[in-house]
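K.L.:
Would you mind keeping the following structure in view while I ask a few things?
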Amino acid sequence: LDNDPQFVSPAGVMTLLPFLWLWKTISYFSRRGLLPSPESFSAAVIASVSKDAPEFVARHEFDPLKPDTFEVPWLVNRGFFQIGPEFGAENMIKAVPVSDKNIDVEIWDDFVSYTDRIMRKVLCFNRKRSSKNRIMIKGHFLAVAKTLEAKYPNSRFITVVREPAKRLESLLNFMIANRLLIVETPLIPTMRDVLAIGEAITRLELDYMREEENFFASGGRRKTCIQFAEYVANTKSAVAKCYAVINEDGQVPKEILSAIERGREEHKNRSKMKYRIKLSLGEFGIDEEKFKKQCNK
């Protein structure tokens, strides 16, 4: 969707450094050749991260100048993420708001106003590009989704869902890989680390899925849900489903159709990553069949 010219989004680096004056200053000097171009900056950062954290890049599409998980830099700026066993058991539950049952009010009270501020800054920064820009953000903010829905009557909400057990296994391995990369602990995590993270994120996933289903079930014209398997099997069909919600006429822009074709070719040529860490749900102390039954409930 970020190939659609009607959308502007806060790039990952913009949410990490959310200052309009800084964006404009960097843009001014970059256009005059006094700072690296956006393309060279992005390439240098990606190369550096790929060298230092290849597993992170393999598991998470990364470009500092493209939209990324919106709430993570916001939490990082508050010094919230402390990766480790205690993170898995405690902070993770508070960091990703699922509903008002587990939301940490002190941390998330400012999130809606922060979202409004940064969206206005992004529109201002891009105003020369078009007067009809629409904001697009992606992330996990179900606990405040109803508030955002009420605050912005013209907003649209799209979610992508995956087979729960496969998603949980992927997420847990992602968390373990990143914990190793950030804390620089030995390659093999301790069983305490594995079980603490597994138990916490399993609880989080079940709560998240329940709230996600409730929120999107009341969708009407403003919400839609895409299955990951559907997106892989027939990208055009899945994207068309998105635009049935995004645009009044439901038309998919030509730029998006072109991006789909480019993506298909890029995917053919992409080498398969051999992960250093690939644990099963059982190795995380999770009974897969029990988890599936919990999902079905």
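The values are calculated or read from the model by the stated rules, or taken from the named source; none is laboratory data. Note that the structure is predicted; figures quoted are calculated from it, not measured. Positions of Cβ are generated from backbone atoms using ideal geometry, with glycine treated the same way; all protein chains shown enter the neighbour counts. Note: areas computed on protein heavy atoms with side chains; ligands, DNA, RNA excluded. Shrake-Rupley method; radii C 1.70, N 1.55, O 1.52, S 1.80 Å.
K.L.:
Looking only at segment 239-250, which residues are open to solvent by 50 Å² or more (accessible area, probe 1.4 Å) and in a helix (DSSP H, G or I)?
P.N.:
Within segment 239-250, LYS241, ALA244 qualify.
K.L.:
Same structure, new question: Cβ-Cβ below 6 Å, separation at least six or inter-chain, first residue in segment 261-284 and open to solvent by 100 Å² or more (accessible area, probe 1.4 Å) and modelled with pLDDT of 80 or more, second of a type in the set (Asp, Glu) and part of a helix (DSSP H, G or I): which pairs?
P.N.:
From segment 261-284, no pairs qualify.
K.L.:
A further question follows. Tell me which residues, restricted to segment 218-238, are touching a residue at least 60 places away in the same chain (Cβ under 8 Å), part of a helix (DSSP H, G or I) and surrounded by 14 or more Cβ atoms within 10 Å (Cβ to Cβ).
P.N.:
Residues satisfying the conditions are ARG222, PHE228, TYR231.
K.L.:
If you go through segment 27-40 one residue at a time, how many are over 22 Å from ASN133 (Cα atoms), surrounded by 13 or more Cβ atoms within 10 Å (Cβ to Cβ) and not small (Gly, Ala, Ser)?
P.N.:
Residues flagged as over 22 Å from ASN133 (Cα atoms), surrounded by 13 or more Cβ atoms within 10 Å (Cβ to Cβ) and not small (Gly, Ala, Ser) within segment 27-40 amount to 2.
A quick yes/no check of all residues on (1) farther than 30 Å from GLU289 by Cα; (2) modelled with pLDDT under 85; (3) outside any loop (DSSP other than H, G, I, E, B); (4) open to solvent by less than 80 Å² (accessible area, probe 1.4 Å):
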| residue | (1), (2), (3), (4) |
| --- | --- |
| VAL98 | no, yes, no, yes |
| THR115 | yes, no, yes, yes |
| ILE182 | yes, yes, yes, no |
| ASP193 | no, yes, yes, yes |
| ALA196 | no, yes, yes, yes |
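K.L.:
Any idea which of (1) in a helix (DSSP H, G or I); (2) surrounded by 15 or more Cβ atoms within 10 Å (Cβ to Cβ); (3) touching a residue at least 60 places away in the same chain (Cβ under 8 Å) is the one GLU255 doesn't satisfy?
P.N.:
Unmet for GLU255, out of (1) in a helix (DSSP H, G or I); (2) surrounded by 15 or more Cβ atoms within 10 Å (Cβ to Cβ); (3) touching a residue at least 60 places away in the same chain (Cβ under 8 Å): (2).
K.L.:
Let me ask something else. Can we say ASN178 is crowded, with 16+ Cβ neighbours inside 10 Å, at pLDDT 80 or above and out of contact with any Pro (no Cβ under 9 Å at 6 or more places or on another chain)?
P.N.:
Answer is no for this residue.
K.L.:
Now a separate question. Output the residue which, of all residues in segment 127-144 that are open to solvent by less than 50 Å² (accessible area, probe 1.4 Å) and at pLDDT below 90, is nearest to the chain's Cα centre (by Cα).
P.N.:
This residue is GLY139.
K.L.:
Then there's this: Output the residue which, of all residues in segment 31-46 that are among the aliphatic types (A, V, I, L, M) and more than 21 Å from the chain's Cα centre (by Cα), is nearest to ALA177 (Cα to Cα).
P.N.:
ALA44
K.L.:
If I filter segment 103-113 down to residues being surrounded by fewer than 19 Cβ atoms within 10 Å (Cβ to Cβ) and out of contact with any helix residue (DSSP H, G or I) (no Cβ under 6 Å at 6 or more places or on another chain), which single residue comes out as modelled with the highest pLDDT?
P.N.:
It comes out as SER113.
K.L.:
Give me the residue from segment 1-26 that is of a type in the set (A, V, I, L, M) and farther than 25 Å from PHE174 by Cβ and, out of that set, surrounded by the fewest Cβ atoms within 10 Å (Cβ to Cβ). Break it down into steps so the answer makes sense when it comes.
P.N.:
First, the residues of segment 1-26 that are of a type in the set (A, V, I, L, M): 1, 8, 11, 13-14, 16-17, 20, 22, 26.
After this cut, where a residue has to be farther than 25 Å from PHE174 by Cβ as well, the list is 8, 20, 22, 26.
Working: VAL8: 21, LEU20: 15, LEU22: 12, ILE26: 17.
Among those residues, the one meeting the criterion is LEU22.
K.L.:
Same structure, new question: Within segment 1-59, can you find the residues that are within 29 Å of PRO253 (Cα to Cα), out of contact with any helix residue (DSSP H, G or I) (no Cβ under 6 Å at 6 or more places or on another chain), hydroxyl-bearing (Ser, Thr, Tyr) and assigned to a helix (DSSP H, G or I)?
P.N.:
Matches in segment 1-59: SER27, SER40, SER42.
K.L.:
Can you tell me which residues in segment 60-82 are in a loop (DSSP other than H, G, I, E, B), open to solvent by less than 70 Å² (accessible area, probe 1.4 Å) and in contact (Cβ under 8 Å) with a residue 60 or more places away in the chain?
P.N.:
Those that are in a loop (DSSP other than H, G, I, E, B), open to solvent by less than 70 Å² (accessible area, probe 1.4 Å) and in contact (Cβ under 8 Å) with a residue 60 or more places away in the chain: HIS60, ASP68, PHE70.
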